[in-house]
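Take a look at the structure set out below.
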């Protein structure tokens with residue numbers, strides 16, 4: 001959900017940075033992306049999935065996000 005919200009936001013600056021972060025949340029766009037992903041996964045679920053991305057001609061650049069979540073720390077773990 002975090003990755004969908006980060007990718008669905010409106011850019012407020014020129015790029016993701018320390019000033020604007022990932023921009024302003026656009027939850028409707030994020031829900032639309034989630035719906036597309038779920039319908040695609042339900043349609044072609046198997047052990048391995050290949051996803052093709054069609055980039056229109058004359059597109060200047062394409063960006064992507066790699067995201068994973070780390071397990072939470074133990075309740076009484078020391079802070080470093």
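Would you call residue 14 at pLDDT 75 or above, surrounded by fewer than 10 Cβ atoms within 10 Å (Cβ to Cβ) and assigned to a loop (DSSP other than H, G, I, E, B)?
No.
Mind checking whether some residue in segment 25-45 is modelled with pLDDT of 80 or more, surrounded by 10 or more Cβ atoms within 10 Å (Cβ to Cβ) and in a loop (DSSP other than H, G, I, E, B)?
Yes, there is a match, as at least one residue in segment 25-45 is modelled with pLDDT of 80 or more, surrounded by 10 or more Cβ atoms within 10 Å (Cβ to Cβ) and in a loop (DSSP other than H, G, I, E, B).
Only residues in segment 20-32 that are under 7 Å from residue 5 (Cα atoms) count as the first member; pair them with residues that are at pLDDT below 90 and not in a helix (DSSP H, G or I), Cβ under 6 angstrom, at least 6 apart or cross-chain, and list the lot.
25/9
Please enumerate the residues belonging to segment 10-19 that are closer than 19 Å to residue 68 by Cβ and touching a residue at least 12 places away in the same chain (Cβ under 8 Å).
Residues satisfying the conditions do not exist here.
The values are calculated or read from the model by the stated rules, or taken from the named source; none is laboratory data. Just so it is clear, the model here is predicted, and its values are computed rather than measured. Note: ideal-geometry Cβ built from the backbone for every residue, glycine included; neighbour counts use all protein chains shown.
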